[in-house]
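Nothing in this text is a laboratory measurement; each read-out follows from the coordinates by a stated rule. These numbers come from a predicted model, not from an experiment. Cβ: placed from backbone, ideal geometry, glycine included. Neighbour counts: every protein chain shown.
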Amino acid sequence: MEQDHREVEEWFDEYNELKEDDDRKRALVEKICLALKVHAQIEEEIFYPQAREATKDNDLIDEAAVEHATVKHLIGEIEGMEVDEELYDAKIRVPGEMVKHHIKEEEKELFPELVSAKMVLDAVGKELAKRKDELMAEMQA
């Protein structure tokens, strides 16, 4: 999961550095949207239910679910827009900021709780990776 986090953070940073290259922006946005949709789905299907069970920390996981819903809504709007439309860049920056905040909370708060709760992270990681591969194949088809 941390590898996915670094990758999408880099893509958001790269997007923010672009100025007038609409083709590159479009390509980056497609990668970002796909990555976020897949990541959100595997977290919601696999990771959060197991994390909720292991930690009993409903507040943190509930907040993450709300963040996911907000980002998915923005992704839907972004996917229906053209790069040169008004507010396009802002609609990329806002989820970028939200995702970075979300990542920080997961890595600084939730992940340590999972270690303390002795959740079997390797097994969960393998399950997440398998499902990610399936979803990437489905969504790119």
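What to note about this one:
- The local environment of N58, defined by Cβ-Cβ distances under 13 Å, has a net charge of -4 under the rule Lys, Arg +1 and Asp, Glu -1.
- Residue pairs, from the table K72/K100; K25/K91; K31/K132; K37/K91; K31/K104; K100/K126, whose Cα atoms sit over 18 Å apart: K31/K104; K100/K126
- Exposed loop sites, defined as GluC sites (Glu not before Pro) outside DSSP H, G, I, E and B with at most 15 other Cβ atoms within 10 Å, are absent from the longest region of the chain, namely 21-81.
- In the chain, the calculated helix contribution to ellipticity at 222 nm averages -26000 deg cm²/dmol per residue, counting -39,500 (n - 2.57) for every DSSP H run with n ≥ 4.
- The phi-based Karplus calculation (6.51 cos²θ - 1.76 cosθ + 1.60; θ = phi - 60°) puts the 3J(HN,Hα) values of segment 4-13 at 4, 4, 4, 4, 5, 4, 4, 5, 5, 4 Hz, whole numbers, x for Gly and Pro.
- Spacing of the two label points (7 Å from each Cα toward its C-beta) at V94 and R6, in nm: 3.1
- Here the calculated FRET efficiency for R131 and A69, from their Cβ-Cβ distance with R0 = 25 Å, stands at 0.80, rounded to the nearest 0.05.
- Computed from backbone phi, the HN-Hα couplings of segment 50-61 come to 6, 5, 4, 5, 6, 9, 6, 8, 5, 4, 5, 6 Hz, rounded to whole numbers (Karplus: 6.51 cos²θ - 1.76 cosθ + 1.60, θ = phi - 60°; Gly and Pro given as x).
- Taking Cα centre as origin and charging only the Cβ of basic (Lys, Arg, +1) and acidic (Asp, Glu, -1) residues, the dipole magnitude of segment 29-141 rounds to 460 debye.
- Karplus-derived HN-Hα couplings along segment 103-119 (A = 6.51, B = -1.76, C = 1.60, θ = phi - 60°), whole Hz, x at Gly and Pro: 4, 4, 5, 4, 6, 8, 10, 6, 4, x, 5, 5, 5, 4, 7, 6, 5
- Taking the charge dipole of the chain about its Cα centre, with +1 at Lys and Arg Cβ atoms and -1 at Asp and Glu Cβ atoms, the residue from A141, I103, Q50 reaching farthest to the positive side is Q50.
- Normalised by residue number, the volume inside the convex hull of the Cα atoms of the chain is 98 Å³ per residue.
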